[in-house]
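The values are calculated or read from the model by the stated rules, or taken from the named source; none is laboratory data. Computed from a prediction, not measured in an experiment: that's the story for all the values here. Reconstructed Cβ throughout: ideal geometry from the backbone, glycine too, with neighbour counts over all protein chains shown.
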Amino acid sequence: MTRLTCPFCGPRDLQEFEFRKTLPEPDSNAYAQVYERANRLEDSLEHWQHVHGCRAWLLIRRNPSTGQVLKLELMGGGGP
Amino acid sequence: MKGPEPRYSAWALLRARLAGTGYWRPLWSGRRLREAYDVVVVGAGGHGLATAYHLARDHHIRRMAVLEKRLVGYGNVGRNTTIVRSNYLLPENHYFYEDSLRRWERLSHDLNYNVMYSPRGIVDLALSDGEMVGLARRGNAMRLAAIDAQLLDRRGVLKFAPELAASGPRRFDIVGGLLQRRGGTVRHDAVAWAYARAATALGVDIIEDCEVTGVRAEGGIATGVETRRGYVKADRIVFAVAGHTGAIGEMLGVHLPIETHLLQAMVTEPVKPLVSSVFVYVYPHGECYVTQSDRGGVLMGGFMDGFPSYTQEGQWFRLEDVVQSAVALLPQLASLRILRHWAGVQDMTMDGSFIIDRIRYDNVFVNGGWCYGGFKTIPASGAACATLVATGTAPDLIRAHGLARFATGHLLDERGGGPFPVRL
């Protein structure tokens, strides 16, 4: 995993992006939302931001054991 | 197997020479997995082996197994940068790390195995006045706890480590540093081998190639572990699975306050003695540490890659970043070639401090969340974790390191960074 494909900017170097955190469980309490993380070996649902590009927030599903990106979309849906 | 390895001594060397082949025996292999144990430790790395050793030595638990997915010492105990130190700011941390450093000082004798503790000193460098203030604060906190710390001005740093003066004018000159003379390095593989040998001598079964895939429980109490080699009954279970603690949490149905990140390290071709000490420089968006191994390779490491990964494959940009920082500190390194480069999978907790506590069940324990500091704590973690497992009560040194601290707000956040391991 060395690049991500931003819906606005196309394929860009991974360095342009910043990982924020894994998605909290729906309906979880405040403590869980702030501190707890899902640590799934093969399926991680994450928030990222294209900080050194268009600054779009992204929702990415990845396999952290291989680095493969399974799905990448804009947070909140929609797109260019 | 004929029994434990003989004690190492000059006399043993001589006897081995006279006896010819067959005198030295395997250190830990050859044990069979039994059906039931008093304690099962999962993970034959530094922390798992040290915990098993202390359970056997201090608490006289004999029916004990250490189950390892791959081989002894195959994980982070063989992938770290071998640095030991206790220069932490918070009392809950520096007393614990100091306990560990004191144990390192005598570990070779305690285990009858040369782990090559080398107190070559560790210097945290400051390139600005603001950074000096931070180092002074940390050094004062340490000295209040009777831990050796010495604040050096520019001249003091260059006198202690003349190689830092070898270059011409710098863009950012060294302002000073915080020196801990007893800090240094330890031969990491030897630590795993020494604990494995010592635990085996006390009757612990070390079973390699035996991955744990689940925990069986009945009535709110864990009864044993499922492994690739079948079910093993256990009264108590300890997970010491550096880098996979978060995944163990998921296996037990618990989301832990842990993210799993990669840390990289790299070593150059061997050269004559060049780096006399351990140099650390932490800057706003990363960090860099440099030391020289006993074989002569200059060892470098830095900040994590920045997103969850179990691949053990580091990102190029981080490698570049670490090397650039190291060359900025020691321009002499610029002409050296990188010989090897690797990455380790780390548990990064939400406050940067470790977790030793019960998890999910009353008789299941977790020893993890070591962030950047796993290797240097092995002796103290083994002793403290063993006390918790054997007596059911956490000793004072790790009382603050339970999981509950995240919910109650008693975080141990050295850098004051908030609940994100990535942001500095």
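Quick one: how many residues across region B:210-227 are free of Cβ contacts under 8 Å to residues at least 12 places away in the same chain and either part of a loop (DSSP other than H, G, I, E, B) or among the aliphatic types (A, V, I, L, M) (or both)?
1
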Worksheet item: In this structure, does B:Phe279 turn out to be out of contact with any Asp or Glu (no Cβ under 6 Å at 6 or more places or on another chain) and either outside any helix (DSSP H, G or I) or at pLDDT 95 or above (or both)?
Response: yes
Practice prompt. State the number of residues belonging to region A:1-15 that are free of Cβ contacts under 8 Å to residues at least 12 places away in the same chain and within 14 Å of chain B (Cβ to nearest Cβ).
Written response: 2
Worksheet item: Looking at this structure, is B:Ala166 surrounded by 19 or more Cβ atoms within 10 Å (Cβ to Cβ) and of a type outside the set (S, T, N, Q)?
Response: no
Fill in: Of all residues making up region B:324-377, the number that are buried (at least 20 other Cβ atoms within 10 Å of the Cβ), within 22 Å of B:Met300 (Cβ to Cβ) and among the β-branched types (Val, Ile, Thr)
2
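Which of the strands (runs of 3 or more DSSP E) found entirely inside region A:17-69 contain at least 3 residues meeting this: charged (D, E, K, R)? Spell out how you get there, then give the answer.
Details: elements: A:18-22, A:44-49, A:57-63.
Because the criterion is at least 3 residues that are charged (D, E, K, R), the strands (runs of 3 or more DSSP E) in region A:17-69 that meet it are A:18-22.
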Fill in: Pairs, first without any contact (Cβ under 8 Å) to a residue 40 or more places away in the chain in region B:363-387, second surrounded by fewer than 24 Cβ atoms within 10 Å (Cβ to Cβ), C-beta under 8 Å, six or more apart
none
Item to complete: With the checklist (1) part of a helix (DSSP H, G or I); (2) on the phi > 0 side of the Ramachandran plot in hand, flag the one item B:Gly48 doesn't pass.
Response: (2)
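Is it the case that B:Asp38 is in contact (Cβ under 8 Å) with a residue 12 or more places away in the chain, of a type in the set (D, E, K, R) and not in a strand (DSSP E or B)?
Values: in contact (Cβ under 8 Å) with a residue 12 or more places away in the chain: yes; of a type in the set (D, E, K, R): yes; not in a strand (DSSP E or B): no.
No.
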Response to the item:
Note on A:Arg62: of the conditions (1) surrounded by 15 or more Cβ atoms within 10 Å (Cβ to Cβ); (2) facing chain B (nearest Cβ under 10 Å); (3) over 10 Å from the mean Cα position of the chain (by Cα), unmet is (3)
Worksheet entry | Residue check for B:Val133: closer than 27 Å to B:Phe96 by Cα, out of contact with any Asp or Glu (no Cβ under 8 Å at 6 or more places or on another chain), at pLDDT 95 or above and crowded, with 17+ Cβ neighbours inside 10 Å | no
